[in-house]
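Working notes, structure below.
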Amino acid sequence: MIYVFKTSVDTPSKLEFASTLLDELIPNAIWNFDLEDCDNILRIDSEAEINENILKNEIFDCVELE
């Protein structure tokens with residue numbers, strides 16, 4: 001399933017911290033950020049359901065888009 005989120009990841013340093021977190025929380029998923037998009041989109045392709053740890057983390061703001 002593909003999940004799409006609006007995030008606060010807008011710099012390379014924030015991307016580095018977010019990458020570490022995502023690799024720990026969803027190690028078998030494929031994900032990427034679009035920092036050129038005004039919403040700094042995060043797309044996650046994962047067979048596992050995305051849990052609240054992604055949405056309520058201390059590294060970056062994250063809101064699922066419908």
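The values are calculated or read from the model by the stated rules, or taken from the named source; none is laboratory data. Note that the coordinates shown come from a computational prediction; the quantities given were computed from them, not determined experimentally. Heads up, the Cβs are rebuilt from the backbone with ideal geometry, glycines too, and the neighbour counts pull from every protein chain shown. Side chains are part of the model used for accessible areas, which takes the heavy atoms of the whole protein and leaves out ligands, DNA and RNA. Shrake-Rupley method; radii C 1.70, N 1.55, O 1.52, S 1.80 Å.
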> So how much slack lies between D34 and L21, counting 0.36 nm per residue of separation and subtracting their Cα-Cα distance, in nm?
Replying inline: 3.0 nm
> For I30, what accessible area in Å² do you get when you roll a 1.4 Å probe over the heavy atoms of the protein chains, rounding to the nearest 10?
Replying inline: 120 Å²
> In square angstrom, what is the accessible area per residue of the chain with a 1.4 angstrom probe?
Replying inline: 70 Å²
> What is the local net charge at E64, summed over the other residues whose Cβ is closer than 13 Å to its Cβ (Lys, Arg +1; Asp, Glu -1)?
Replying inline: -2
> Remind me, what semi-axes does the chain give for its equivalent ellipsoid, largest first in whole Å, using sqrt of 5 times each Cα gyration tensor eigenvalue?
Replying inline: 16, 13, 11
> Expressed as a whole percentage, what fraction of the accessible surface of the range 1-57 belongs to carbon and sulfur atoms when a 1.4 Å probe is rolled over the protein heavy atoms?
Replying inline: 50 percent
